[in-house]
Structure formats: C-alpha cells, structure tokens
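Quick notes on the structure that follows.
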Amino acid sequence: MQAWIDLWNGDLAQAGDIVTEDFVWHVAPLTGGPQQDHQGRENLVEWVRSSHENMPGLKFTIDVGPIEQAPYVVIRWLAEANEISFHGTDILRVEDGRIAEYWLNADGLWAAQQLGLLPHN
C-alpha cells in the first residue's frame, strides 16, 4: 500500500508495476449522482497528474490500515496541499500482486469547497 500512496504522491513511473493495464475505478461524481466508472492505467496516471497540477504540494499519508481481507485491501488516508486538507478511504482489489480495481470514498465536496470550486453551505 505504500507504493499506492507513493503513486498518489506523484511517483507516476511505478504505475505499471502496481496497477493492472485494464485497471477500473469507481467514484461518485463531485456534484452528486450515481457512481461513475473509469478504466485504464494511463487514465489513472492522468488523474493523479492533474490532481497535482490542481493542488500543488499535494501529499497523501495513511491514517488507518492497511486492513486486508483477500483479495481486498482498505486504507484511510489524509490528503494535504498547502491550506487544503481532506480525507478518504480506498478499497482496492488486488489481482496477481497488482491493483485491478479501486473504489474511492473521499471528502471531494469539502476539497472542492476549499479550492473555491464550489460554494460553502
């Protein structure tokens, strides 16, 4: 799981070693609605890259876990970028030693509000 966090901390070169090529991730849209599914290791790399472009200094640390029940691993993390911080939980399905599927539960609305992308209530 440290390699997964390292990937999210910007070490994009290792994606091929830890994520399957046909990797799938599931995430709820920021503004609500049903889960959206995305596919592909290269799309994941682009998502991580753009996250760092939108939040300079972005750094992830593990708060809880990993909690393992094969083939799943769960971690709770904290993301910080300057004055912005938010938490999330990753559920990862591991296949042949690489991450094949990912469910993201994050405080994305709170992050977007801190970035000024959406109004605070």
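222 nm [θ] for the chain, helices only, -39500 (n - 2.57) per DSSP H run of 4+, per residue, to 500? Could the numbers behind the result be given before it?
Numbers: 4 runs with 32 residues, N = 121.
-7000 deg cm²/dmol, from helical runs alone.
Name the residues whose placed amide hydrogens come within less than 5 Å of the amide hydrogen of ALA106, ignoring near sequence neighbours (fewer than 5 apart) on the same chain.
Under 5 Å from the amide H of ALA106 lie the amide H atoms of THR89, each far enough along the sequence or on another chain.
In Å³ and rounded to a whole number, note down the convex hull volume per residue for the Cα atoms of the chain. Walk me through the numbers before you get to the answer.
Values: hull volume 12.5 nm³, N = 121.
Considering the Cα atoms of the chain, their hull volume per residue is 103 Å³.
Quick one: which residues, 5+ away or cross-chain, put their amide H under 5 Å from the amide H of GLU101? H built at 1.01 Å from N.
Residues meeting the amide H criterion: VAL24, ARG93.
Any read-out appearing in this document is the output of simple, stated calculations on the displayed coordinates, not a laboratory observation. Nothing here was measured: the structure is a model prediction, and the numbers come from that model.
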